[in-house]
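Chemist: Below are the structure tokens for one structure; questions will follow.
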Amino acid sequence: MTEQLNPSIDVSWKIVLGEEFRKPYMAELKAFLVNEKKSCRVFPPGSLIFNAFNQTPFRDVKVVILGQDPYHGYGEAHGLCFSVLEGITKPPSLINIFKEIENDLCIKPPRHGNLTAWAKQGVLLLNATLTVRENQAGSHQNKGWESFTDEAIKQLSACREGLIFVLWGKFAEAKAMLIDKSKHFILSAPHPSPFSANRGFFGCRHFSRINTLLKQMGKNEIDWRLE
């Protein structure tokens, strides 16, 4: 399992997170995943577990959008929070994200839900839990992934400056305690889920606010359009 997990993460992240792979919780997590795969499907595929880190190297991160765990439907998860590959039906939360972008920036919703283009511009699309059992939301929570992704957030907070952390929903907002607010920006709103989007996600204008902050820092803005 070490060969499947460890080498597939970008070298820049391996430098700052390499110690995590040697901790007891990671060995326990690897054993858990091996056992899971004997009896059920696990998403995303092994090669995409660390896709968020591979698409957005440590020094390239400008924005962090934090999700909870991967989509649990067949073919949906590909290692970027809220994102689905082309050809996969857009989930409700992602549809609402595109609605807010349209309201905020007058960008029409794209034909697909693949957010890789954002990741390549410096938007780390990070789920707190990196795997899930098919059709069982939250099934891999509290197995060790949160320790790993919390450390990623801590390293970004400690070693970088001027990052924009986007926390949607109470779960994500709880991660604010890991972030040095004197060095970074935090944008919070209700989750884009249909159950909460009308309670303040719609109208948060986070996408234009992100670009305003980036521009003020002399950084390239994010092009939120998807081809």
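Chemist: What percent antiparallel are the DSSP beta bridges of the chain, to the nearest 5?
Modeler: The antiparallel proportion sits near 20 percent.
Chemist: Sum up the charges of everything whose Cβ sits under 13 Å from the Cβ of residue 142, counting Lys and Arg as +1 and Asp and Glu as -1, but leave residue 142 out.
Modeler: -3
Chemist: Which net charge results when you count Lys and Arg as +1 and Asp and Glu as -1 among the other residues whose beta-carbon is under 10 Å from that of residue 108?
Modeler: So the surrounding residues net to +1.
Chemist: How much of the accessible area of the range 26-134, in percent, comes from carbon and sulfur atoms when a 1.4 Å probe is used?
Modeler: On the range 26-134, the fraction of accessible area on carbon and sulfur atoms equals 52 percent.
Chemist: Read phi for every residue in the range 187-197 and hand back ³J(HN,Hα) as whole Hz from Karplus 6.51 cos²θ - 1.76 cosθ + 1.60, θ = phi - 60°, with x for Gly and Pro.
Modeler: 10, 10, 6, x, 5, x, 3, x, 6, 9, 4
Chemist: Ignoring any ligand, DNA or RNA, what whole percent of the accessible area of the range 158-227 comes from carbon and sulfur when the probe is 1.4 angstrom?
Modeler: 51
Chemist: Can you work out the FRET efficiency for the pair residue 181 and residue 60, with r the C-beta to C-beta distance and R0 = 22 Å, to the nearest 0.05?
Modeler: 0.50
Chemist: Hey, what do the phi angles of the range 92-100 turn into as Karplus ³J(HN,Hα) couplings, whole Hz, using 6.51/-1.76/1.60 and θ = phi - 60°, x for Gly and Pro?
Modeler: Values, residue by residue: x, 5, 5, 4, 5, 4, 5, 4, 5 Hz.
Chemist: Label the range 92-140 by shape, choosing from rounded, prolate and oblate, from the square roots a ≥ b ≥ c of the eigenvalues of the Cα gyration tensor; if a/c is under 1.5 it is rounded, and otherwise prolate applies when a/b is larger than b/c, oblate when it is not.
Modeler: prolate
Chemist: Oh, and also: Using the Karplus curve 6.51 cos²θ - 1.76 cosθ + 1.60 with θ = phi - 60°, work out ³J(HN,Hα) for each residue of the range 59-70 in order, rounded to whole Hz, and write x for Gly and Pro.
Modeler: Running phi through 6.51 cos²θ - 1.76 cosθ + 1.60 with θ = phi - 60° gives 6, 8, 5, 10, 9, 10, 9, 9, x, 9, 8, x Hz.
Chemist: Rounded to the nearest 0.05, what FRET efficiency is calculated for residue 108 and residue 37 with R0 set to 35 Å and r the Cβ-Cβ distance?
Modeler: Rounded to the nearest 0.05, the efficiency is 0.30.
Chemist: Kirkwood hydrodynamic radius (Cα pairs, Å) of the range 35-139?
Modeler: About 14.2 Å for the range 35-139.
Chemist: Taking K and R as +1 and D and E as -1, what net charge do the other residues with C-beta under 14 Å from the C-beta of residue 201 add up to?
Modeler: +1
Chemist: Using only alpha carbon positions, build the gyration tensor of the range 141-208, then give the equivalent ellipsoid semi-axes as the square roots of 5 times its eigenvalues, largest first, whole angstrom.
Modeler: The three semi-axes for the range 141-208 are 23, 17, 8 Å.
Chemist: Under a 5 Å amide H to amide H cut-off, with H placed in plane at 1.01 Å, what residues pair with residue 84 once short-range neighbours are removed?
Modeler: Result for residue 84 returns 113, 114, 115.
Chemist: Cα extents of the chain along the three principal axes, largest first, in whole Å?
Modeler: 47, 37, 30
Chemist: OK, next. Counting only heavy atoms of the protein chains, get the accessible area per residue of the range 21-179 (1.4 Å probe) and round it to a whole Å² value.
Modeler: Here the residues of the range 21-179 average 41 Å² of exposed surface.
The values are calculated or read from the model by the stated rules, or taken from the named source; none is laboratory data. Because the structure is predicted, anything quoted here is derived from the model rather than measured. Methodologically, a virtual Cβ is constructed for each residue, glycine included, from the backbone with ideal geometry; neighbour enumeration extends over all protein chains shown. Note: accessible area is taken over every heavy atom of the protein model, side chains too, but ligands, DNA and RNA are not part of it. Shrake-Rupley method; radii C 1.70, N 1.55, O 1.52, S 1.80 Å.
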